[in-house]
Each structure stands twice: as structure tokens, then as C-alpha cells.
Amino acid sequence: QVQLVESGGGLVQAGGSLRLSCAASGSIASIEAMGWYRQAPGSQRELVAIITSDSSTNYADSVKGRFTISRDSAKTTVYLRMNSLKPEDSAVYSCHLVYDYGRDYWGTGTLVTVSS
């Protein structure tokens, strides 16, 4: 079984910062990518940032220059540092894991609320 444990969401004022964490554990032979997606009420889920096994990263245009995705040395925990937060960044942020030749798993999500 696979587990993703997310943490770090909360309420912050516009211009503030938060750091999200997602730790993967369980029956995982190899991690191919980990990323963060978000979904605001009434909107579709969208990719925020992703980091692959070769350390390539990709970001949504709306967060480039403000958000940074990174991971620990074991490559099982991924972090999303979010700076200069805007009210439009408010959403449920979910961790996504791609592992073992294309299998995937979703975290339950953590709520980020940015007040104006």
C-alpha cells in the first residue's frame, strides 16, 4: 500500500508564504514524479508544480517565480514553497505521486486560504 502524508496548509494573508510537504511511503519501488495540483471551488484541478526523478521541474505559469518545488535527499518527500501568495492561490492542494512504471496515487489534499 502507498501513503502520502500532506501538511502545511492554512490561512495566510496576501503576500505571505507557506510551505507544503508531502511524504510518500509504502510499497514503492521507484518514484518517477511527485507534484502538486490545486483545485479551487468551481474550478478544474490544475497542475501547480512537478518534479521528476531526474530533478526536472515544471510550473504553472501563474506560479512561476513565486513557488518552488523541491525534495529531500531520499526523494520521498516533496516540498512546495509558496511565496507572495495571492487570494487566487486559495485552493485545496493535493500531492500526486507517479511510481512503479506509471502507477499513480493522490493525497487527500490540504487547504490553502489566502486572505486579501
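Kindly indicate whether Q3 is open to solvent by 70 Å² or more (accessible area, probe 1.4 Å), part of a strand (DSSP E or B) and free of Cβ contacts under 8 Å to residues at least 24 places away in the same chain. Don't jump to the end; show me each part of the working.
Details: open to solvent by 70 Å² or more (accessible area, probe 1.4 Å): yes; part of a strand (DSSP E or B): yes; free of Cβ contacts under 8 Å to residues at least 24 places away in the same chain: yes.
Considered against the rule, which asks whether it is open to solvent by 70 Å² or more (accessible area, probe 1.4 Å), part of a strand (DSSP E or B) and free of Cβ contacts under 8 Å to residues at least 24 places away in the same chain, Q3 comes out as yes.
Taking the stretch 59-69 only, how many residues are open to solvent by less than 50 Å² (accessible area, probe 1.4 Å) and small (G, A, S)?
Step one: filter the stretch 59-69 for residues open to solvent by less than 50 Å² (accessible area, probe 1.4 Å), giving 59-60, 63, 66-67, 69.
From what's left, small (G, A, S): 60.
The number of residues fulfilling the criteria is 1.
Looking only at the stretch 80-96, filter to residues that are open to solvent by less than 50 Å² (accessible area, probe 1.4 Å) and in a strand (DSSP E or B); which one of those is farthest from I51 (Cα to Cα)?
Initial filter on the stretch 80-96 (open to solvent by less than 50 Å² (accessible area, probe 1.4 Å)): 80, 82, 85, 89-91, 93-96.
Next, only the ones that are in a strand (DSSP E or B) stay: 80, 82, 91, 93-96.
On the way: L80: 10, M82: 15, A91: 20, Y93: 16, S94: 14, C95: 11, H96: 10 Å.
Going through the qualifying residues, I end up with A91.
Restricting attention to the stretch 13-30, does a residue exist that is touching a Gly at 6+ places or on another chain (Cβ under 7 Å) and charged (D, E, K, R)? Please lay out each step first, then the result.
Taking the stretch 13-30 as the starting set, the residues that turn out to be touching a Gly at 6+ places or on another chain (Cβ under 7 Å) are 18-22.
Retained after the next criterion (residues that are charged (D, E, K, R)): 19.
Yes, the conditions are met somewhere in the stretch 13-30.
Could you say whether any residue in the stretch 39-58 is among the hydroxyl-bearing types (S, T, Y) and buried (at least 18 other Cβ atoms within 10 Å of the Cβ)? Steps first, please.
From the stretch 39-58, those among the hydroxyl-bearing types (S, T, Y) are 43, 52-53, 55-57; that's our starting set.
Next cut, buried (at least 18 other Cβ atoms within 10 Å of the Cβ) only: none.
No, every residue in the stretch 39-58 fails to be among the hydroxyl-bearing types (S, T, Y) and buried (at least 18 other Cβ atoms within 10 Å of the Cβ).
Got a number for residues in the stretch 26-36 being open to solvent by 50 Å² or more (accessible area, probe 1.4 Å) and assigned to a strand (DSSP E or B)?
2
Can you confirm whether the stretch 80-89 contains a residue that is at pLDDT 95 or above and under 19 Å from A33 (Cα atoms)? Give the steps one after another, and end with the answer.
In the first step, residues of the stretch 80-89 are kept if they are at pLDDT 95 or above; the result is 80-89.
Those still in the list that are under 19 Å from A33 (Cα atoms) too: 80-81.
Yes: the stretch 80-89 contains one or more residues that are at pLDDT 95 or above and under 19 Å from A33 (Cα atoms).
The values are calculated or read from the model by the stated rules, or taken from the named source; none is laboratory data. Keep in mind that what you see is a predicted model, and the values were worked out from it rather than measured. Quick reminder, even Gly has a Cβ in these numbers, built from the backbone with ideal geometry, and neighbours come from all protein chains shown. Heads up: the accessible areas ignore ligands, DNA and RNA and are worked out on the full protein's heavy atoms, side chains in. Shrake-Rupley method; radii C 1.70, N 1.55, O 1.52, S 1.80 Å.
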